[in-house]
Each structure stands twice: as structure tokens, then as C-alpha cells.
Amino acid sequence: MLEPSCTLAFLDLGWAGSTRGRVTIRLTPDTPLARQFVLLCTGQRGHTYRNTKLLNVKYKGGPGEWVVGGDYESNDGKGGAPLLPDLQGRYRESGRAGAVLCCDDPGGPRSAQFIITTRDRQDGRQWFDAFGDVVSGLDVVRAAVNHSDNPEVTVVDCGVVLPL
């Protein structure tokens, strides 16, 4: 059961001309990176993750595999400036698949970019600055990672899931 204070955000991923599936992410309550993620999923400040690409895959096929996306400025990995003035906060560490992390140090020049981990780490180490976890659709992210041309994978739509 989800805590009522948790926000659920979604990213609809697509490639080859069609939407392939929805990734639903439970955001850590009351963290600056989670608030920024909501702003970029909803477009409340004009900028949005909609139509951005998945930019890069690290450790493809191996333990600790992850994908980066969210460059709302230039869509090439060089942009993604923070929307909020202070992104420092208390964040979790995670070594598990499905963790959603900041691509840069919170407040760094690309700290609006995000990472989604697709495989558990096997080295006992942890990723830092986790602000969410995929609760459904990790299979969609894994399929996107395995797509032959990752930059063709785009965020077709994004937003928040409203509670009933």
C-alpha cells in the first residue's frame, strides 16, 4: 500500500512511431528533487520532459545498468539545468533496479536529468541521491534500453497520477 503523502509520476515511453508503455514512479515525499521532477512532468513552469530522449545507457547488459534522460533544454545530454534554486536535501541510497536518481549532483548544471536503474548492483555499492522508485513499468524501461537506437526512445507524455 502506498503512503498517502507519496506522489506518483508517470513517463510514457515510445519508439518506432508508437507509445510502448507507461513507467510509474513513486517519488520520495518532500524532497527538492522530487518536487522538481513533478514540475517537469506537469510542465507547470513551462519546461517539461515531454518529447525528450533517453540519452545514454551505462553498463548495458550488466549489473548496475542504468539509463539517463530528461535533458529538457537541448535534448543531447548537455542541458537539463535545475528549475529550483536549492536541490540539496536528504536523499536515499539504493543499489536496486528501479531506483530513480539525479544525474548530476543536486544543484549541478544537469541536475534536472534523471537516471532510472534497470538492474541491481552486484558490487555492494549504492547509488546516491535517489528520489523515487519505479512501481510499475520497469519492463518498459528495460525494453527501451534494449532498443537498438536509444536516442530514438522518447518521453511521449508525462504527468502525475491523481489519487481517486
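Numbers at a glance
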{"quantity": "Test result for Val38, open to solvent by less than 60 Å² (accessible area, probe 1.4 Å), aliphatic (A, V, I, L, M), closer than 21 Å to Gly107 by Cβ and outside any helix (DSSP H, G or I)", "calculated": "no"}
{"quantity": "Some residue of segment 43-56 being crowded, with 19+ Cβ neighbours inside 10 Å and either without any contact (Cβ under 8 Å) to a residue 40 or more places away in the chain or touching a His at 6+ places or on another chain (Cβ under 7 Å) (or both)", "calculated": "no"}
{"quantity": "Of all residues making up segment 127-164, the number that are more than 19 Å from Ala34 (Cα to Cα), outside any strand (DSSP E or B) and in contact with a Ser or Thr (Cβ under 7 Å, 6 or more places away or on another chain)", "calculated": "3"}
{"quantity": "Qualifying positions in segment 57-82 - farther than 15 Å from Ile116 by Cβ and crowded, with 18+ Cβ neighbours inside 10 Å", "calculated": "Tyr72, Pro82"}
{"quantity": "Residue satisfying condition, being on the phi > 0 side of the Ramachandran plot and touching a residue at least 24 places away in the same chain (Cβ under 8 Å), within set Gly107, Gly95, Gly79", "calculated": "Gly107"}
{"quantity": "Test set (1) open to solvent by less than 10 Å² (accessible area, probe 1.4 Å); (2) hydrophobic (A, V, I, L, M, F, W, C); (3) within 14 Å of the chain's Cα centre (by Cα); (4) closer than 23 Å to Trp127 by Cα - Leu8 fails condition number", "calculated": "(1)"}
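Each row is one residue, and each column tells you yes or no for (1) in contact with a strand residue (DSSP E or B) (Cβ under 6 Å, 6 or more places away or on another chain); (2) polar (S, T, N, Q).
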{"site": "Val100", "(1), (2)": "yes, no"}
{"site": "Cys103", "(1), (2)": "yes, no"}
{"site": "Pro109", "(1), (2)": "no, no"}
{"site": "Thr117", "(1), (2)": "yes, yes"}
{"site": "Trp127", "(1), (2)": "yes, no"}
{"site": "Asp133", "(1), (2)": "yes, no"}
{"site": "Asp139", "(1), (2)": "no, no"}
{"site": "Val145", "(1), (2)": "yes, no"}
{"site": "Cys158", "(1), (2)": "yes, no"}
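The values are calculated or read from the model by the stated rules, or taken from the named source; none is laboratory data. Please read all numbers here as calculations on a predicted model, not as lab measurements. When we count neighbours, we look across all protein chains shown, and the Cβ atoms used for this are built from the backbone with ideal geometry, even at glycine. With ligands, DNA and RNA removed, areas are computed over all heavy atoms of the protein, side chains included. Shrake-Rupley method; radii C 1.70, N 1.55, O 1.52, S 1.80 Å.
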